[in-house]
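Q: The structure under discussion is supplied below as structure tokens; questions concerning it will follow.
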Amino acid sequence: MAATASLMELSDSSGSSSTVIQSMCHVRASELYPKRDLETDEGPPTLEPPTVPFVPLAGESVEYLGRGSNNTVLALSNYRFYLKVSDGGSKRRRGYQDSNIPLGLIEMVEIKDLFYLIISCKDARTCRCTFTTNDLCLEWYKRLTRAIIPPKNVQDVFAFAFHAWAIEDQCNEDISLNLGHDGDDDYFMKEIERLNISVLSDNSKWRISKVNWDYKLCATYPNRLLVPSSITDQTLETAAKFRSSKRVPVIVWRHKGNGAILARCSQPEVGWLGWRSQEDEDLLKAIAESCQNKSKKSKKLVVIDARSYPSAVANRARGGGCECPEYYPGCEIRFMNLANIHAVRKSFHLLRQLCASPPDLPNWYSLLENTRWLHNISGLLHAANTVAATIELEIQPVLVHCSDGWDRTPQIVSLAELMLDPYYRTIDGFRVLCQREWLDFGHKFNDRGQGDDPNERCPVFIQWLDCVHNVMAQYPCAFEFSKSYLVKLAQHTYANLFGTFLCNSGAERKRTGIGTATFSVWKYLAASVECKNHLYSSQQDNILWVSCNVRDMNLWRDLYVGPFTEGPQLTKSPELCNSTLVMEGVIDPMVSNGQPIVFNNESPCMEFSKTEDVISLDDRDDKSSDTNSSSSIIAEENGIERHLNSTNNVLNTVDGLLPLVDDMQNRLQQLNLEYKAREAALQNELHVTRLVLLRQASHRCNGVEATATLDMNGLSLADKIDDDHRRRDDIVVGTCRAIRRSTNPVGAGPRGYPVYVVRQQILAGKTEASL
């Protein structure tokens with residue numbers, strides 16, 4: 001891939017034959033991605049120079065190495081920032097964990113009180129580094145700020161260097177076994193066949209349209225689209241002009257039992273003047289008609305709008321809006337009142353500040369409620385439950401959209417499919433779900449994770465993974481993957497080690513050659529032992545009805561808070577014992593009077609709220625909300641660092657990160673290994689017992705009495721004398737097994753053929769004739 005890129009650049013610049021010959025030469029990874037020299041800070045003369053505290057990955061080079069206060073070691077490479085706690089310090093004895101943060105996960109770096117460097121991460125972690133001088137603190141602040149600037153060229157991301165060096169060096173066995181490429185897996189046709197969608201027959205209700213081949217119609221949609229067979233490509237092109245970003249309604253899933261379908265799109269461009277499109281109206285009507293039988297009455301297409309009604313109407317000022325009931329008589333519109341990306345971003349920043357606060361706050365849960373993070377999680381699960389109930393119980397087709405169709409829409413659609421279809425709860429099915437709904441349908445991973453515009457950043461995918469985590473908490477045996485799988489996936493969404501989540505769409509990934517020039521995260525997660533759920537039961541193919549009340553939501557501690565301390569804290573701050581923490585007005589209570597559709601555990605029915613009683617969350621947050629707020633809540637030294645047993649501080653050899661310690665999964669894996677060991681021991685014991693019995697019977701047939709005394713190997717005295725007989729006894733065992741497997745055995749039944757007859761025939765050389 002590197003040689004091909006060199007060929008294109010050189011041929012574009014000159015085009016001469018000599019240039020072409022020169023470009024065919026092999027380009028080494030060290031020439032494409034050279035490693036930088038190590039620069040070490042000057043330390044006190046009484047201390048030894050620091051050493052790199054980790055084993056670098058392929059293509060990783062440590063650029064800066066220094067010391068902080070309390071004899072800590074700081075290392076900055078082109079992949080990560082590492083803070084090593086002193087082995088002899090009190091922190092190490094208390095079980096504090098080293099900080100190991102990929103640069104792609106760092107969102108913001110701040111200096112507090114001259115000597116403290118605060119690192120805020122995109123997965124809600126917060127790390128604090130303490131320095132002895134302000135000059136040293138300022139120097140490391142500049143280094144980190146330069147390191148986290150997003151590269152202008154996507155090929156400068158570390159994932160490309162990691163792939164080039166790993167392929168060239170063929171570093172170790174772990175790399176070759178656990179890493180691979182995304183490739184050209186044609187999951188689309190496999191899903192068409194699995195969902196029993198007929199597209200080849202003459203009377204098919206659906207067809208595969210290639211109107212978007214080479215991304216000509218919509219750059220954020222996949223190449224192939226599943227649409228009703230009555231809709232032509234020309235109708236799709238005209239209808240796409242009426243939808244935001246040309247994200248036309250297409251089918252993504254079908255219920256194999258009742259035939260109801262699930263579709264997705266973006267908002268219609270109605271505007272203040274109330275524009276309409278006949279082609280778009282025909283398309284929605286065809287979607288509703290394609291999933292119903294002629295003998296039954298026509299069903300309405302339920303349009304799930306992720307926004308609130310006031311927000312949908314307000315979008316008409318920007319050229320958007322929602323479906324007008326008078327234009328779409330065959331549709332029923334329901335509004336889910338979900339928060340927009342600006343409200344979710346503010347809520348996540350408040351959650352991150354709270355997770356960095358001391359763990360022994362007496363009003364910690366009150367502050368957690370004020371962040372409204374769990375409220376947003378509950379709202380998403382409410383919407384997914386509504387979609388699942390509409391398809392499963394009401395047997396009606398569903399169309400989901402928000403504003404642009406690439407944030408809240410994939411959240412709702414993928415959650416509903418996860419609840420309805422057990423295939424998506426397997427490791428391979430979850431990969432297909434993320435690939436289709438998030439990657440191929442154009443979720444803007446680059447803009448949401450590390451874009452230049454702070455107002456476009458939002459942890460949408462992390463929020464969706466949090467919803468999956470809450471579903472797993474209620475159904476721990478329904479998923480083939482474990483919670484470690486979700487934590488690893490959340491970290492590598494922005495870690496820049498794999499190329500799976502780079503760029504904003506499939507068109508950009510194809511244009512930059514990411515599929516062949518970087519490794520895929522899916523093969524790594526599938527090959528990881530810690531990512532498998534040992535409680536998984538494949539027999540559970542039922543629908544997951546999730547209890548989505550706020551009281552049933554759980555904070556994702558493994559990702560946001562980290563593991564617990566090794567031992568109890570015996571001291572407590574007197575201020576925290578006698579009073580609550582004053583947050584300086586950073587976390588303000590936000591009260592909501594509206595309740596969307598709710599599933600109640602105590603009753604199988606649904607409770608619907610009135611639309612006019614719902615207060616929009618979109619109106620509470622301005623687009624220019626403080627995304628880089630410098631008022632981070634900095635905790636005391638005994639509460640901000642992460643905790644972990646130092647014996648578990650072993651980095652993964654593939655991604656260089658710490659594995660998640662899951663005691664339950666580790667114990668289940670241990671029990672599974674013990675069970676297999678006992679099973680193997682029983683099989684061996686049974687084999688030895690059968691062998692001894694056959695030998696005794698054969699000796700009796702030859703007139704040799706077997707003694708009752710057996711040695712430690714279970715062999716009689718006659719067996720020790722007659723070595724030739726023992727060798728022939730092995731033939732007896734194989735012959736008897738062959739007779740037991742035979743459909744027409746000699747004698748009375750499978751076990752009716754006497755052993756001594758077999759013995760005598762073998763000794764007489766008549767085995768072939770007898771068998």
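Q: For q = 0.15, 0.25 Å⁻¹, what log10 I(q)/I(0) does region 228-301 give under the Debye formula with an equal point scatterer on each alpha carbon and no solvent?
A: Result of the Debye calculation: -0.54, -1.18.
Q: Computed over the Cα atoms of region 479-529, what is the ratio Rg over Rh, Rh following Kirkwood?
A: Here the Rg-to-Rh quotient is 1.02.
Q: While we're here: Along the Cα→Cβ direction, 7 angstrom out, place labels at residue 557 and residue 369. What is the inter-label distance in nm?
A: Each label point lies 7 Å from its Cα, and together they span 2.0 nm.
Q: Of the listed peptides 109-120, 678-689, 493-504, what is their order by residue-averaged count of other C-beta atoms within 10 Å, with the highest listed first?
A: Taking the mean over residues of other Cβ atoms within 10 Å, the ranking is 493-504, 109-120, 678-689.
Q: Express in nm, to one decimal, how much length is gained between residue 276 and residue 684 on full extension, taking 0.36 nm for each residue of separation and deducting their alpha carbon distance.
A: Contour length minus Cα-Cα distance gives 139.3 nm.
Q: Taking 0.36 nm per residue of separation and subtracting the Cα-Cα distance, what length does fully extending residue 232 through residue 673 add?
A: 153.0 nm
Q: Return the distance in nm (one decimal) between the two label points of a simple spin-label model at residue 168 and residue 516, each offset 7 Å from Cα along Cα→Cβ.
A: 1.9
Q: With respect to the cross-link table entries 142/510; 532/676; 444/510; 241/285; 205/300, which display a Cα-Cα separation exceeding 23 Å?
A: 142/510
Read-outs throughout are calculated quantities, based only on the coordinates presented, and are distinct from any laboratory measurement. Computed from a predicted model, the values in this text were never measured in an experiment. Positions of Cβ are generated from backbone atoms using ideal geometry, with glycine treated the same way; all protein chains shown enter the neighbour counts.
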